[in-house]
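Here's the structure we're looking at; comments come further down.
Taken together, the values in this text are just the output of simple stated rules run on the coordinates, not laboratory data. Fair warning: this is a prediction, and the values are worked out from it, not measured in the lab. Glycine also receives a Cβ, built like all others from the backbone with ideal geometry; neighbour counts cover every protein chain displayed.
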Amino acid sequence: MRILVRALLICLLAIGGLGFFNPHVAAAETTQYENAVDKKLTTEFGQKIDLNNSSIRNFRDLRGFYPNLASLIIKNAPYNSVNDVLSVAGLNDKQKELLQANLDKFTVTESSVELTEGDDRYNPGVY
């Protein structure tokens, strides 16, 4: 029985080595179905908090931002640059200081309908 199993494994390895599986073709097939959000994850959006596209949940790790300041930031989007967030109407001095201290954690990319339509930025449905 062991000999039969070994023979089958050797046959399968030999067939696989003949080129029936080409990793380059498999990679090309997966990128064909890449969507806009997956593409955005390869930009700064995937490493920093995007002021134009991130949901309120992304601000939870920044002390003093969640939920009030984060809501204010989201409500006043879109922004052309990270520094535009400092001129949001209604910010108090403490909020401005928090923003100034964390500007390096933010980025601004073009608004994406997939990430901003509806109320998904306020309630992304993750519970």
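For region 54-60, the Karplus equation 6.51 cos²θ - 1.76 cosθ + 1.60, evaluated at θ = phi - 60°, returns couplings of 6, 7, 4, 5, 5, 8, 4 Hz by residue, with Gly and Pro reported as x. Modelled this way, with points 7 Å down the Cα-to-C-beta line, the labels at residue 113 and residue 76 are 2.8 nm from one another. Scalar couplings 3J(HN,Hα) for region 117-122, obtained by applying the Karplus form with A = 6.51, B = -1.76, C = 1.60 to θ = phi - 60°, are 6, x, 9, 4, 6, 8 Hz; x denotes Gly and Pro. A simple spin-label model places the labels of residue 7 and residue 87 8.0 nm from each other, with each point 7 Å out along Cα-to-Cβ.
Of all lysines in the structure, the ones whose alpha carbon falls short of 30 Å from that of residue 96, not counting any fewer than 8 places away in one chain, are 40, 48, 75, 105. Taking amide H as placed 1.01 Å from N in the peptide plane, the amide H of residue 50 sits under 5 Å from that of 107, each at least 5 places away or on another chain.
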